[in-house]
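One structure is given here, and the rest of the page talks about it.
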Amino acid sequence: MYPRVPAGIVLDVNTGDNKIRYDLSIQIEGDDSDGINDARILCFDWLVFTCGENHAMDMLWHDNRLFADIDPGVRARWFSFVNQSLKRSGKQYIEPLNTENFNAMETTLSEIEMLELKSKIVLTLRGDKAENKLLGIQFGSKK
């Protein structure tokens, strides 16, 4: 997601007297920034989803909150990557992305890539009333 930023993954054997076999550390320069830290979460989830063992997950879901602080260009690269990676895979990526976050990618993606992403939209959510929310109900208190 950040091709010109130094990054690495460190996997150490945990020799302590505990049930943790390995210590996994994912490091990227600037990971104290919310956007880069959120990108790190996306990448970790993606690795578990696509390469993980002992699970039968065919669907990965992320909340829009993870994309709020990610630069639109980086977000565009992510969705382009996901779109290409999942073709003919039988897997599904679900992302309730805000309209503003989606439209901001248009300046970075090609017209064909943007049209392809738009064709993947299966539901447009609105916050105006409970029926237009993801599950058709209001969660929490209405303020």
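The values are calculated or read from the model by the stated rules, or taken from the named source; none is laboratory data. Quantities reported herein were computed from a predicted structural model and do not represent experimental measurements. When we count neighbours, we look across all protein chains shown, and the Cβ atoms used for this are built from the backbone with ideal geometry, even at glycine.
Restricting attention to the range 1-28, report how many residues are surrounded by 11 or more Cβ atoms within 10 Å (Cβ to Cβ), touching a residue at least 12 places away in the same chain (Cβ under 8 Å) and of a type in the set (S, T, N, Q).
Within the range 1-28, residues that are surrounded by 11 or more Cβ atoms within 10 Å (Cβ to Cβ), touching a residue at least 12 places away in the same chain (Cβ under 8 Å) and of a type in the set (S, T, N, Q) number 1.
Scan 26, 41, 9, 112 and give me the residue that is under 21 Å from residue 134 (Cβ atoms) and among the β-branched types (Val, Ile, Thr).
Result of the check over 26, 41, 9, 112: 41.
Consider the range 10-49. How many of its residues are modelled with pLDDT under 80 and either in contact with a His (Cβ under 6 Å, 6 or more places away or on another chain) or β-branched (Val, Ile, Thr) (or both)?
2
Mind checking whether some residue in the range 33-45 is more than 30 Å from residue 103 (Cα to Cα), under 20 Å from the mean Cα position of the chain (by Cα) and not hydroxyl-bearing (Ser, Thr, Tyr)?
Looking for residues that are more than 30 Å from residue 103 (Cα to Cα), under 20 Å from the mean Cα position of the chain (by Cα) and not hydroxyl-bearing (Ser, Thr, Tyr), one finds none in the range 33-45, hence no.
Count, please, the residues in the range 40-56 that happen to be touching a Leu at 6+ places or on another chain (Cβ under 8 Å) and either among the β-branched types (Val, Ile, Thr) or free of Cβ contacts under 8 Å to residues at least 40 places away in the same chain (or both).
Qualifying residue count for the region: 3.
Does residue 66 qualify as being assigned to a loop (DSSP other than H, G, I, E, B), at pLDDT 90 or above and either out of contact with any Lys or Arg (no Cβ under 6 Å at 6 or more places or on another chain) or among the charged types (D, E, K, R) (or both)?
No: the conditions fail for residue 66.
Here is a check on your reading of the model: is residue 88 modelled with pLDDT under 90 and at positive phi?
yes
Looking at residue 10, is it farther than 24 Å from residue 118 by Cβ, touching a Ser or Thr at 6+ places or on another chain (Cβ under 6 Å) and of a type outside the set (D, E, K, R)?
yes
Go through (1) surrounded by fewer than 13 Cβ atoms within 10 Å (Cβ to Cβ); (2) in a helix (DSSP H, G or I) one by one and return the number of the condition residue 128 breaks.
(2)
Residue under question is residue 133, and the condition is that it be surrounded by 14 or more Cβ atoms within 10 Å (Cβ to Cβ), modelled with pLDDT under 95 and farther than 30 Å from residue 6 by Cβ; does it hold?
So residue 133 fits the description; yes.
Quick one: in the range 86-113, which of the residues that are more than 17 Å from the chain's Cα centre (by Cα), not in a loop (DSSP other than H, G, I, E, B) and not acidic (Asp, Glu) is surrounded by the fewest Cβ atoms within 10 Å (Cβ to Cβ)?
Among residues in the range 86-113 that are more than 17 Å from the chain's Cα centre (by Cα), not in a loop (DSSP other than H, G, I, E, B) and not acidic (Asp, Glu), the one surrounded by the fewest Cβ atoms within 10 Å (Cβ to Cβ) is 112.
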